[in-house]
Amino acid sequence: MIAPSILSADFARLAEEAEAVRGADWLHVDVMDAHFVPNLTLGLPVVKSLLKATDIPLDCHLMIEDPDRWAIGYAEAGAYNVTVHVEAAADPVQLAKDLRAAGAKAGLSIKPGTSIESCTDVLKHYDTLLVMSVEPGFGGQGFMAEVLDKVRTARRLVDTGHLNLVVEIDGGINEDTIAQAAEAGVDCFVAGSAIYDASDPGAAMAKLRALAARSR
Ligand code: DX5
Ligand code: ZN
């Protein structure tokens, strides 16, 4: 699966930018609050407008403090998957239950320095695991290949039935890095600059999809 990240899109033309990646599995929406990460993007009002503007399921990645309080609004609005950071959540198990009860998939994201082992029990309650392959906050950063060990661990836990979730990767995914991520066992690839900085975002997405399929 490919999830184009609109962080690298033109924020004044989001409906058209979603249309440019028609056929995407998910549309990745980076919510940043200038506290959990040193950057500020968009929030629930923009997500509500996007939900009306596109049929692509929204994959909301909340890089915010206090997700226990704020994440539920995105699920209630109709986001397909709502991902919170384990480093920010006070009660991630309860949060997953609340997100699912509101009709969304529940996602848990881990920063590059956070281990899988520290949250294996929590992950039993989640539908997606978003492994960050850059420090969250900005698009266009270099891929951190060292996180692929965590992807391999997650893949093994899923394949042996210990976890039941989609393994997603976010940060630095492009034509040069997607093959190694696919080989490590990623199910869903987030890509921002590699898609939206291209002259033809739809074609760039198709190329990434083909490269991933060949390496899996
Ligand atoms: C970064 C965001 C990513 C970002 C990835 O904190 O979570 O979703 O859009 O951008 P690229 O693909 O350019 O690394
Ligand atoms: Zn993201």
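Some notes on this structure:
- For the chain, the relative contact order comes to 19 percent (Cα pairs under 8 Å, sequence separation of at least 6).
- Partner lysines for residue 124 [C-alpha distance under 22 Å; skip if fewer than 8 residues away on the same chain]: 97, 105, 111, 150
- Expected 222 nm ellipticity per residue - DSSP helices of 4 or more, -39500 (n - 2.57), all of the chain, to 500: -10000 deg cm²/dmol
- Qualifying aspartates and glutamates (Cα of each under 15 Å from Cα of residue 52; at least 8 residues distant if same chain): 16, 17, 19, 76
- Residue 118 - accessible surface, heavy atoms, 1.4 Å probe, Å² rounded to 10: 80
- Computed over the alpha carbons of the chain, Rg followed by Dmax gives 15.7, 45 Å.
- Built amide H within the under 5 Å cut-off of residue 28, gap 5+: 5, 6, 59
- The HN-Hα couplings worked out from phi for the stretch 32-42 by the Karplus form 6.51 cos²θ - 1.76 cosθ + 1.60 (θ = phi - 60°) are 10, 10, 6, 10, 5, 10, x, 8, 10, 10, 9 Hz, whole numbers, x standing for Gly and Pro.
- Estimated vicinal HN-Hα couplings, Hz - the stretch 175-182 in sequence order (Karplus 6.51, -1.76, 1.60; Gly, Pro = x): 4, 8, 10, 5, 5, 5, 5, 5
- Of interest is the spacing of the C-alpha centroids, which for the stretch 103-150 and the stretch 1-41 amounts to 18 Å.
- The accessible area of residue 110, taken with all protein chains in place and a 1.4 Å probe, comes to roughly 0 Å².
- Residues of the stretch 125-150 with amide N under 19 Å of a point placed 7 Å along Cα→Cβ from residue 183: 133, 143-150
- Tensor-based shape of the stretch 1-86 (alpha-carbon gyration tensor, a/c under 1.5 rounded, otherwise prolate or oblate): prolate
- Only one residue of 74, 40, 113 has its Cα farthest out toward the positive end of the dipole of the stretch 13-132, where Lys and Arg carry +1 and Asp and Glu -1 on Cβ, and that residue is 74.
- With every protein chain in place, the chain: carbon and sulfur % of accessible area (1.4 Å): 48
- Cβ-Cβ FRET estimate between residue 34 and residue 144, R0 fixed at 22 Å, reported to 0.05: 0.45
- Close amide H pairs (under 5 Å, H built 1.01 Å from N) link residue 105 with 81, 82, residues at least 5 positions away or on another chain.
- Residues with amide H under 5 Å from that of residue 173, placed H, sequence gap 5 or more: 192
The values are calculated or read from the model by the stated rules, or taken from the named source; none is laboratory data. Just so you know, these numbers come straight off a predicted model, no measurement behind them. Every residue, glycine among them, receives a Cβ derived from its backbone with ideal geometry; neighbour counts consider all protein chains shown. Please note that ligands, DNA and RNA were not included when accessible areas were found on the heavy atoms of the full protein model with its side chains. Shrake-Rupley method; radii C 1.70, N 1.55, O 1.52, S 1.80 Å.
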